[in-house]
Every structure is written in structure tokens, then in C-alpha cells.
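Asker: One structure, as C-alpha cells, below. Some questions next.
The values are calculated or read from the model by the stated rules, or taken from the named source; none is laboratory data. Bear in mind that the values here come from a model prediction, so they are computed numbers and not experimental data. Positions of Cβ are backbone-derived with ideal geometry, glycine not excepted, and every protein chain shown enters the neighbour counts. Side chains are part of the model used for accessible areas, which takes the heavy atoms of the whole protein and leaves out ligands, DNA and RNA. Shrake-Rupley method; radii C 1.70, N 1.55, O 1.52, S 1.80 Å.
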Amino acid sequence: FVPHDQKLYTWWSYRNRDWRVANRGRRLDHVWVSHDLAAGLRNSTVLTAARDWTQTSDHVPVCVEVEV
């Protein structure tokens, strides 16, 4: 869904105080699907807002919508 050259990250280091402004992260988290499910892929979402939750992880959830 997202080209490799587009900035879309799922991880940001805790060393950077304002991770949103710097927006220097890594695309570490992926969702893998079988060939049978690949045709049903409809959308993907990276829940970036979760990075600001209290006592959050340095990773954010990645979701996919699959029509089965």
C-alpha cells in the first residue's frame, strides 16, 4: 500500500523528544498475508496517534482490512 520511498514509520526512538517534528523513524512492523488473502486486501492503517498514549510503546499498531 505504501511505496518504499514514502515516509511512513511504525517505530520512533525514545531518544527523540519530539518524534512528530523530527519524523525520523523506521518501518519495522509489517503484516504478512498468504497468497489466498492477498487478493482481498482493501486498506492498511498505521495508528500513529498511539505513539502519544500514556506509557506507550515505541512501536505503533499496524492494521489491514481484508475482505474474505
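Asker: Between beta-carbons, use under 13 Å as the cut-off and find the net charge around residue 45, counting Lys and Arg +1, Asp and Glu -1. Can you show the working numbers first?
Answerer: Values: positive: 42; negative: 29, 65.
Summing Lys and Arg as +1 and Asp and Glu as -1 gives -1.
Asker: For the full complex of protein chains and a 1.4 angstrom probe, list 17, 24, 51 by accessible area with the highest value first. Could the numbers behind the result be given before it?
Answerer: On the way: 17 230, 24 180, 51 20 Å².
Greatest to least solvent exposure: 17, 24, 51.
Asker: Among 48, 16, 33, which residue has its Cα positioned farthest towards the positive end of the charge dipole of the chain, with +1 placed on the Cβ of Lys and Arg, -1 on the Cβ of Asp and Glu, and the dipole taken about the Cα centre?
Answerer: Value: 16.
Asker: Could you tell me what a quarter of the Cα convex hull surface of the chain works out to, in nm² with one decimal place?
Answerer: Projected over every direction and averaged, the Cα hull of the chain covers 5.3 nm².
Asker: Shifting gears a bit: Could you size up the charge dipole of the chain around its Cα centre, putting +1 on the beta carbon of Lys and Arg and -1 on that of Asp and Glu, and report it in debye to the nearest 20? The partial results should precede the final answer.
Answerer: Details: 9 positive and 8 negative charges, 90 e Å.
My answer is approximately 440 debye.
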